[in-house]
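Asker: First the structure, which I've put down as structure tokens, then a few questions once you've had a look.
The values are calculated or read from the model by the stated rules, or taken from the named source; none is laboratory data. If you're wondering where the values come from, they're calculated on a predicted model, not measured in any experiment. Quick reminder, even Gly has a Cβ in these numbers, built from the backbone with ideal geometry, and neighbours come from all protein chains shown.
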Amino acid sequence: MKTSNLLLLIAFVVLVILSVVGIYVVKTNLEEYLPQQGEAFSTQKELLPFGQIKVEGTLTIEFVQDTICQLSVQADSATQEKIQVSVLDDVLSIKLERRISKGIQCELRGPMFSKLSVSAGSTFRSSDSLSSPALDLTANAGAIINLRGKFGLVNAELNAGSTLKMEGEGDSIDITANAGSTVKMKKFASQKASVKANSGSEIAINSVTIEASASSGAAVHYNEDALLKSENTSSGGRIWTYSVKQKK
């Protein structure tokens, strides 16, 4: 196959993947919109201790590391009734049963968690500096994770147009981004990184040593002073450096 034809085929495949992702995310966010009813008000719910968190739906969770376990929700009465909260086997589950046109603001207080899963347009963030020896992150269907702190090992998997942004430092990161997802970690300094970007995804990292893979129109950006131990590109994937003065 000629090079020009191969490039056209790769571009077409990536376009199809991104189109499917976009349709899925839009469909997810448009299903069964719940109209606002009355004025929004705040409620507080005391929680059982938890070590893992799962969030689903258009909820914006602001996490505050604390000794107490409590969830505060700012929403109207109809929306409050559609938020399911439970703690089972150390897993805190927060789920919005129906979609709404804008994110519901929530504040979650509790101990540092070891595992976080967000999906269906949810946002999980923390302005505090967190600390954990190990952190396992998963984001699906347009979800967003935004964290800062000091961590040992960070494992992350992103799918279907999701976003991960981290600042701080860590020992080792292992990240896979699929189907138009984005990883922004130029301001997260790690000692060792292993990253895989697929299907139009983009990963930007800052590490001492790096193993990188990019395929199907995906891209990996890494700091120019890093040691690239291995690289693998296929089907239009790209791996290249950025200036250490451009860590944004």
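Asker: Kindly indicate whether any position in region 155-164 is closer than 18 Å to TRP240 by Cα, among the hydroxyl-bearing types (Ser, Thr, Tyr) and either crowded, with 18+ Cβ neighbours inside 10 Å or touching a Phe, Trp or Tyr at 6+ places or on another chain (Cβ under 6 Å) (or both). If you could, list the steps in order and put the result at the bottom.
Answerer: To start, the set of residues in region 155-164 that are closer than 18 Å to TRP240 by Cα comprises none.
No, there is no match, as no residue in region 155-164 is closer than 18 Å to TRP240 by Cα, among the hydroxyl-bearing types (Ser, Thr, Tyr) and either crowded, with 18+ Cβ neighbours inside 10 Å or touching a Phe, Trp or Tyr at 6+ places or on another chain (Cβ under 6 Å) (or both).
Asker: Checking the condition within 20 Å of SER207 (Cα to Cα) and either among the aromatic types (Phe, Trp, Tyr) or out of contact with any Pro (no Cβ under 7 Å at 6 or more places or on another chain) (or both), which residue from SER119, SER127, SER131, SER162 passes?
Answerer: Step by step, each of SER119, SER127, SER131, SER162 is checked, and only SER131 is within 20 Å of SER207 (Cα to Cα) and either among the aromatic types (Phe, Trp, Tyr) or out of contact with any Pro (no Cβ under 7 Å at 6 or more places or on another chain) (or both).
Asker: Among PHE124, PHE188, which is the only one that is buried (at least 21 other Cβ atoms within 10 Å of the Cβ) and within 9 Å of the chain's Cα centre (by Cα)? Walk me through it before giving the result.
Answerer: On the way: PHE188 fails: within 9 Å of the chain's Cα centre (by Cα).
Selected residue: PHE124, the only one of PHE124, PHE188 that is buried (at least 21 other Cβ atoms within 10 Å of the Cβ) and within 9 Å of the chain's Cα centre (by Cα).
Asker: All but one of (1) more than 23 Å from ALA212 (Cα to Cα); (2) outside any strand (DSSP E or B); (3) out of contact with any Asp or Glu (no Cβ under 9 Å at 6 or more places or on another chain) hold for ALA179; state the number of the condition that does not hold.
Answerer: ALA179 satisfies every listed condition except (1).
Asker: Looking only at region 208-242, count how many residues are in a strand (DSSP E or B) and closer than 13 Å to LYS192 by Cα. Outline the logic, then answer.
Answerer: Filtering region 208-242 down to residues in a strand (DSSP E or B) leaves 208-215, 219-223, 227-234, 238-242.
Filter again for closer than 13 Å to LYS192 by Cα, leaving 208-212, 222-223, 227-230.
The qualifying residues number 11.
Asker: Of the residues VAL91, VAL73, VAL87, only one is farther than 21 Å from GLU202 by Cβ, buried (at least 19 other Cβ atoms within 10 Å of the Cβ), outside the structural domain of MET185 (by TED's automatic domain parsing) and over 17 Å from the mean Cα position of the chain (by Cα); which?
Answerer: Working: VAL91 fails: buried (at least 19 other Cβ atoms within 10 Å of the Cβ); VAL87 fails: buried (at least 19 other Cβ atoms within 10 Å of the Cβ).
None of the other options fit; the residue is VAL73.
Asker: Report yes if SER131 is polar (S, T, N, Q) and not in a loop (DSSP other than H, G, I, E, B), otherwise no.
Answerer: Values: polar (S, T, N, Q): yes; not in a loop (DSSP other than H, G, I, E, B): yes.
Spelling it out, SER131 is indeed polar (S, T, N, Q) and not in a loop (DSSP other than H, G, I, E, B).
Asker: What about ALA179, is it within 17 Å of the chain's Cα centre (by Cα), of a type in the set (Gly, Ala, Ser) and not assigned by TED's automatic domain parsing to the domain that holds LYS54?
Answerer: Numbers: within 17 Å of the chain's Cα centre (by Cα): yes; of a type in the set (Gly, Ala, Ser): yes; not assigned by TED's automatic domain parsing to the domain that holds LYS54: yes.
When the stated conditions are applied, ALA179 passes them.
Matching residues to (1) hydrophobic (A, V, I, L, M, F, W, C); (2) in the same structural domain as VAL64 (by TED's automatic domain parsing):
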| residue | (1), (2) |
| --- | --- |
| PHE113 | yes, yes |
| LEU116 | yes, yes |
| GLY121 | no, yes |
| PHE124 | yes, yes |
| THR138 | no, no |
| ALA141 | yes, no |
| ILE145 | yes, no |
| ARG148 | no, no |
| GLY152 | no, no |
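Asker: Here's a follow-up. Taking region 196-214 only, how many residues are of a type outside the set (Val, Ile, Thr), farther than 16 Å from THR182 by Cβ and surrounded by fewer than 20 Cβ atoms within 10 Å (Cβ to Cβ)?
Answerer: 1
Asker: Quick one: what pairs do we get from region 154-165, first residue in the same structural domain as ALA218 (by TED's automatic domain parsing) and closer than 16 Å to LYS186 by Cα, second surrounded by fewer than 24 Cβ atoms within 10 Å (Cβ to Cβ) and polar (S, T, N, Q), C-beta under 6 Å, 6+ apart or different chains?
Answerer: Qualifying pairs under 6 Å: THR163/THR182; LYS165/ASN146.
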